[in-house]
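Trainee: The structure's right below; bear with me while I get my questions together.
The values are calculated or read from the model by the stated rules, or taken from the named source; none is laboratory data. Remember, it's a predicted structure, so these values are computed and weren't measured experimentally. Here Cβ is always computed from backbone atoms with ideal geometry, including for glycine, and neighbour counts include all displayed protein chains. Quick note on the areas: whole protein, heavy atoms, side chains included, nothing else; ligands and nucleic acids left out. Shrake-Rupley method; radii C 1.70, N 1.55, O 1.52, S 1.80 Å.
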Amino acid sequence: MPRLFSLLLLCLLSLPIQARLTIEITGGVEGAQPIAVVPFGLVGGAQPGVDIASVIAADLARTGRFKPMPTREMLKTPHRAEEVDFREWELLATNNLVIGEISPAEGGGYRIDYSLFDVYGGKKLLGSSLRGSEKSLRLSAHRIADAIYEKLTGDPGVFSTRIAYVTSTGRGTSDERVSLRVADADGYNPQTIVDSPDPIMSPAWSPDGRKLAYVSFENRQSSIYVQELATGRRDKIASFPGLNGSPAFSPDGARMAMTLSKDGNPDVYVMNLGSRQLTRLTDHYAIDTEPAWSPDGGTLFFTSDRGGQPQIYRVPASGGAAERMSFEGDYNAAAQVAPNGRALALVTRTGGRFRIAFDQLAGGRRLLSSGPLDESPSFAPNGSMVIYASQNNGRGVLAVTPIAGGSGQRLTQDAGEVREPAWSPFLR
């Protein structure tokens, strides 16, 4: 049952666990570009604890747009440009080649030098250096993968971004726990942001990626909190009588849209986060919930059953009449706006199943998922993929699907369930 009603019924959450997410590539890689990421050379006694080349190759493979060559199939493993013989890589039918070296940096940490080559053109496309500590080596590898992806596709990479999600373990037992966690986009480095025996839901990132808003049912009262990731400091910003749910930061971070029922039925409100002043944006006897901002901050999309069934509507952020936006199917909810502002990802019911749809605002729908109970879509900040909650063998998992089609990803935990994903903005 998608989020609109899970909010109202306080339902279905279970417990937290300390395992990282495990990623499984789903679907084929037909049409993926061959690329070779050569194991980086170690010079000057460098002994990094992370295999930089493996992280880069895994990042690129997960997109479904690249097919990294297994190291065992490489004829040679050059580390510097003068060691590259393009004819050897042409024989292996690889389009692009990545090489690099890791050396101790002056003052501590490591220096990572890398290059990207066009094999058939016989030229360097990219060459750069990074410095990082042992602890930040995986992040350095993700940033190199971001740069390679952008050079080869024209779109910014999202490998150095993070995802927030809710885990649950022990549902229905006295040990039941629910956690809000944050991990790297590849599931590594999970961190527990808040842990509770009570439900936690609806995580939402601030535009700068430094804070998370979420709904907690501590003391059996729904409240909206905003928590700083670096310090753990949190503020309760909404705890009115009735429902307090669906927080969404405005693109400038100065306001927050939310669902409140303090004046009767659930309606959409906007709070000025500086003054805490509330503005009621919708006023209808139906349920209005799940607000989502347009990238320019001028429009809010939301779910309403004012027509008898949940559908997507939009309203100017300054107030005004609501306009219905979804007409295909009898259930459309939980819309998220694409970073370019020209499309929505939403939950739709088709054939009795809840799936993720991609709706162009100019017209046209495409289903992105095929599960029986898919929900909570969230766009990658470059708009190329959508992460959502799904089911696999009766367990709650996360799934990632490219907008353009191709292979996807399934993110699972060893135990418990994971749900309510939210993809971070770009983290600079």
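Trainee: Restricting the first residue to the stretch 312-333 and requiring it to be on the phi > 0 side of the Ramachandran plot, which pairs with a second residue that is aliphatic (A, V, I, L, M) and in a loop (DSSP other than H, G, I, E, B) meet a Cβ separation below 7 Å and a spacing of at least six or different chains?
Mentor: Taking only residues 6 or more apart or on different chains, the pairs are Gly319/Leu281.
Trainee: Moving on to the next point. Taking Gly405 and the conditions (1) over 28 Å from Gly170 (Cβ atoms); (2) open to solvent by 10 Å² or more (accessible area, probe 1.4 Å); (3) in contact with a Pro (Cβ under 9 Å, 6 or more places away or on another chain), which numbered condition does it fall short on, given that it satisfies the others?
Mentor: Evaluating Gly405 over (1) over 28 Å from Gly170 (Cβ atoms); (2) open to solvent by 10 Å² or more (accessible area, probe 1.4 Å); (3) in contact with a Pro (Cβ under 9 Å, 6 or more places away or on another chain) leaves (3) as the failure.
Trainee: If we scan the stretch 398-410, do we find a residue that is modelled with pLDDT under 90 and of a type in the set (A, V, I, L, M, F, W, C)?
Mentor: yes
Trainee: Here is a further query. For the stretch 190-208, what are the residues that are open to solvent by 10 Å² or more (accessible area, probe 1.4 Å) and either part of a strand (DSSP E or B) or at pLDDT 95 or above (or both)?
Mentor: Gln191, Thr192, Ile193, Val194, Asp195, Pro203, Ala204, Trp205, Pro207, Asp208
Trainee: State whether one or more residues within the stretch 215-223 are modelled with pLDDT of 95 or more, of a type in the set (D, E, K, R), surrounded by fewer than 21 Cβ atoms within 10 Å (Cβ to Cβ) and in contact with an Asp or Glu (Cβ under 7 Å, 6 or more places away or on another chain).
Mentor: Taking every residue of the stretch 215-223 in turn, none turns out to be modelled with pLDDT of 95 or more, of a type in the set (D, E, K, R), surrounded by fewer than 21 Cβ atoms within 10 Å (Cβ to Cβ) and in contact with an Asp or Glu (Cβ under 7 Å, 6 or more places away or on another chain).
Trainee: When you scan the stretch 1-79 for strands (runs of 3 or more DSSP E) that lie fully inside it, which ones turn up with 2 or more residues that are modelled with pLDDT under 95 and touching a Gly at 6+ places or on another chain (Cβ under 7 Å)?
Mentor: 22-26
Trainee: I want to confirm something. Restricting to the stretch 290-327 and keeping residues that are assigned to a loop (DSSP other than H, G, I, E, B) and acidic (Asp, Glu), which single residue is most open to solvent (accessible area, probe 1.4 Å)?
Mentor: Asp296
Trainee: Shifting gears a bit: Inspect all residues belonging to the stretch 330-345 and state whether any of them is of a type outside the set (D, E, K, R), outside any strand (DSSP E or B), open to solvent by less than 50 Å² (accessible area, probe 1.4 Å) and in contact with an Asp or Glu (Cβ under 7 Å, 6 or more places away or on another chain).
Mentor: Within the stretch 330-345, one or more residues are of a type outside the set (D, E, K, R), outside any strand (DSSP E or B), open to solvent by less than 50 Å² (accessible area, probe 1.4 Å) and in contact with an Asp or Glu (Cβ under 7 Å, 6 or more places away or on another chain).
Trainee: Still on this structure, I have one more. Quick one: count up the residues across the stretch 224-260 that are touching a Phe, Trp or Tyr at 6+ places or on another chain (Cβ under 8 Å), over 26 Å from Asp296 (Cβ atoms) and open to solvent by less than 60 Å² (accessible area, probe 1.4 Å).
Mentor: So the answer is 3.
Trainee: Here is a further query. Considering every residue within the stretch 406-416, establish whether at least one is within 13 Å of the chain's Cα centre (by Cα) and not hydrophobic (A, V, I, L, M, F, W, C).
Mentor: yes
Trainee: Can you find a residue that is at pLDDT 95 or above, in contact with a Leu (Cβ under 9 Å, 6 or more places away or on another chain), open to solvent by 10 Å² or more (accessible area, probe 1.4 Å) and in a loop (DSSP other than H, G, I, E, B) anywhere in the stretch 360-380?
Mentor: Yes, the stretch 360-380 has at least one match.
Trainee: Here's another thing I want to ask about it. Out of the stretch 285-299, which residues are without any contact (Cβ under 8 Å) to a residue 60 or more places away in the chain and either charged (D, E, K, R) or on the phi > 0 side of the Ramachandran plot (or both)?
Mentor: Answer for the stretch 285-299, where residues must be without any contact (Cβ under 8 Å) to a residue 60 or more places away in the chain and either charged (D, E, K, R) or on the phi > 0 side of the Ramachandran plot (or both): Asp288, Asp296, Gly297.
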